[in-house]
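A.B. asks: Mind having a look at this structure? Questions to follow.
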Amino acid sequence: MTTTADLRPATAAHPPTLDFVPVPDEIAVGGTWRRATGPAFSVVDPADGRVLQVVHQATAADVDDAVAAGRAAAADPA
């Protein structure tokens, strides 16, 4: 016997919800927000296929910057 389940939401995100639940389009590095430098892609509501936001992927350089900022903060947490 095989059981399957459709785990997608049954309905689209309620518009008022989208007004107060942010979909960030930047990454936090070293205490500041900035746009990632990778290619853009769409964040899609799986219930209706609507594009909620277009964001940029973080690259290896973005991750290196974030790791360096984290290490600097750990070394001097003041």
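A.B. asks: I'd like the full set of residues that are out of contact with any Lys or Arg (no Cβ under 7 Å at 6 or more places or on another chain), of a type in the set (Val, Ile, Thr) and surrounded by 11 or more Cβ atoms within 10 Å (Cβ to Cβ), limited to segment 27-43. Give the steps one after another, and end with the answer.
C.D. replies: Taking segment 27-43 first, the residues out of contact with any Lys or Arg (no Cβ under 7 Å at 6 or more places or on another chain) are 28-43.
When the remaining residues are screened for being of a type in the set (Val, Ile, Thr), the result is 29, 32, 37, 43.
Once the filter is applied, which keeps residues that are out of contact with any Lys or Arg (no Cβ under 7 Å at 6 or more places or on another chain), of a type in the set (Val, Ile, Thr) and surrounded by 11 or more Cβ atoms within 10 Å (Cβ to Cβ), segment 27-43 yields VAL29, THR37, VAL43.
For (1) within 27 Å of ASP65 (Cα to Cα); (2) modelled with pLDDT under 85; (3) among the aliphatic types (A, V, I, L, M), each residue gets a yes or a no:
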| position | (1), (2), (3) |
| --- | --- |
| LEU7 | no, yes, yes |
| HIS14 | no, yes, no |
| PRO24 | yes, yes, no |
| ALA47 | no, yes, yes |
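A.B. asks: So the check is Cβ under 6 Å with 6+ separation or different chains; which pairs have a first residue in segment 51-65 that's without any contact (Cβ under 8 Å) to a residue 12 or more places away in the chain and a second one that's loosely packed, with under 13 Cβ neighbours inside 10 Å?
C.D. replies: What qualifies is VAL51/SER42; VAL51/VAL44.
A.B. asks: Something else about it: Select from segment 36-78 the residues that are in a loop (DSSP other than H, G, I, E, B) and of a type in the set (Asp, Glu) and list them in ascending order. Full working, then the answer.
C.D. replies: To start, the set of residues in segment 36-78 that are in a loop (DSSP other than H, G, I, E, B) comprises 36-39, 45-50, 57-59, 76-78.
Scanning segment 36-78 gives ASP45, ASP48, ASP76.
The values are calculated or read from the model by the stated rules, or taken from the named source; none is laboratory data. Given the structure is predicted, the values throughout are model-derived calculations rather than measurements. Backbone-built Cβ (ideal geometry, glycine too); neighbour counts: all protein chains shown.
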